[in-house]
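Structure record follows, encoded as structure tokens.
The values are calculated or read from the model by the stated rules, or taken from the named source; none is laboratory data. Keep in mind it's a predicted model, so treat the numbers as computed, not measured. Neighbour counts run over all protein chains shown; Cβ positions are idealised from the backbone, glycine included.
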Amino acid sequence: MINTQLGYQIPSLQKVQLEAIKKLVFKYKESYSVVLTGDFNMQLAEEHFKDFVSNMRKNKVDRIQIGGPTHCTKVGEAGIIAIKEF
């Protein structure tokens with residue numbers, strides 16, 4: 001299981017953080033089932049996040065739809081995302 005908390009103030013830093021997460025997922029997915037969860041601090045439609053999910057899918061890793069946001073808009077809300085290997 002990989003858990004993460006991405007920054008929210010600098011989109012270019014989020015892109016770097018997503019690249020680091022991608023490397024971890026690809027490193028371990030060949031030997032283990034990987035579940036990625038965390039606070040990505042992004043909207044589903046943001047380019048960095050869409051590119052990340054698209055790249056995961058191309059590498060046979062899929063996003064599990066949860067029907068909720070991947071970010072928190074106010075105190076007390078929570079967002080969850082999980083990515084799994086096919």
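Of the set (1) under 14 Å from the mean Cα position of the chain (by Cα); (2) at pLDDT 85 or above, all apply to I83 but (2). Across segment 55-66, the qualifying residues are those that are exposed (fewer than 13 other Cβ atoms within 10 Å of the Cβ) and among the aliphatic types (A, V, I, L, M), and the one among them that is modelled with the lowest pLDDT is I66.
Yes/no matrix, rows are residues, columns are (1) assigned to a helix (DSSP H, G or I); (2) modelled with pLDDT of 80 or more; (3) over 21 Å from Y8 (Cα atoms):
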position	(1), (2), (3)
V34	no, yes, yes
N41	no, yes, no
H48	yes, yes, no
V53	yes, yes, no
G68	no, no, no
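Here is a check on your reading of the model: is M42 in contact (Cβ under 8 Å) with a residue 12 or more places away in the chain, exposed (fewer than 12 other Cβ atoms within 10 Å of the Cβ) and closer than 17 Å to R63 by Cα? So M42 does not fit the description; no.
Among the residues of segment 7-32, the ones that are assigned to a loop (DSSP other than H, G, I, E, B) and closer than 20 Å to D62 by Cβ come to 3 in all.
Tallying residues that are without any contact (Cβ under 8 Å) to a residue 24 or more places away in the chain and among the hydroxyl-bearing types (S, T, Y) within segment 1-27 yields 1.
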